[in-house]
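Presented below is the structure to which this report refers.
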Amino acid sequence: MRRDLFVVSLLVLFLVLSLGQLGFFDLARLSRGASNLVLFSRETVPPDLGILPMAGQALVETVEMAMAGTILGFFFSLPLGFLGTRSFFPATFVVLPRLIIAATRTIPSLLWAILFVIIVGLGPLAGTLGLAVYTVGYLAKLYYEFFEGVDPEVVEAVMGVGASKLQLARFVVWPETANSILSQLMFMLEYNIRASSILGLVGAGGIGFYMQVYIQTLEYQRLTTLLLLILVLVIFMDYFSAWVRNHYLLVR
């Protein structure tokens, strides 16, 4: 009990000190911020609905980027995650796959988008590739952890009768981990929907391009329209993801 209290006290102390360093207790600064928030809020209403046709097209492009990037990344993450599983391959073999996974996951999708803007130029292709690469790093790590969670006795029994690695993946790994794999895929799609909405800030296409323009030109009523569209899209994706999980996840 005393140890738990000591740990909690340290955490609280760390939080207070960190907030102080970050200016959380600067009342004058917070007061100015509250005033600025009121002024900004006044300039954001009412939303400018005149841009809906253009904004709708940009939103469709954003969804296309997110879905294409997620699916493309998924196709690469499955085999890479399998190759990084220590239960199936020697420790020396999985070093390279795990290094690739760590490297792709370390760089945020926004920075990947900047890199691909340099490589392939401005537009949604750069955003799609950026999302795909980050998806590979994120999903592959989760997948090799799921694969390592498969009952080792079952794995040894299947390999003991001469099954190949492909047969092991098809008849043991997939049935045991399919629910987790599909669930994380849906979560990644939701994440990429949100991430793709800001990739336009670096010239990678989608609705983020117009967000950047409206921020720079102080057209906050039009910015509000874009934010509301993104909110509607996110809410729709939440319901869509829940529907997919309820209807298509495997029942044990």
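The values are calculated or read from the model by the stated rules, or taken from the named source; none is laboratory data. Note that the structure is a prediction, hence the values are computed from the model and not measured. For neighbour counting, all protein chains shown are included, and Cβ atoms are generated from backbone atoms with ideal geometry for every residue, glycine included.
Things to note:
- Val63 satisfies every condition listed in (1) within 18 Å of the chain's Cα centre (by Cα); (2) of a type in the set (Val, Ile, Thr); (3) at pLDDT below 80 except (3).
- Helices (runs of 4 or more DSSP H) wholly inside region 126-199 containing at least 3 residues that are at pLDDT below 70 and of a type outside the set (D, E, K, R): 152-160
- The set of residues from region 166-216 being among the β-branched types (Val, Ile, Thr), under 29 Å from Glu145 (Cα atoms) and in contact (Cβ under 8 Å) with a residue 40 or more places away in the chain comprises Val173, Ile181, Ile193.
- Given (1) touching a residue at least 24 places away in the same chain (Cβ under 8 Å); (2) touching a Ser or Thr at 6+ places or on another chain (Cβ under 9 Å); (3) surrounded by 10 or more Cβ atoms within 10 Å (Cβ to Cβ), index of the condition Phe40 fails: (2)
- Number of positions in region 43-94 that are in a helix (DSSP H, G or I) and over 25 Å from Ser183 (Cβ atoms): 15
- Count - residues of region 113-125 that are assigned to a helix (DSSP H, G or I) and free of Cβ contacts under 8 Å to residues at least 24 places away in the same chain: 4
- Residue pairs meeting the criteria (Cβ under 7 Å; at least 6 apart or on separate chains; first surrounded by 10 or more Cβ atoms within 10 Å (Cβ to Cβ), in region 17-31; second assigned to a loop (DSSP other than H, G, I, E, B) and of a type outside the set (S, T, N, Q)): Leu19/Phe25; Arg29/Gly23
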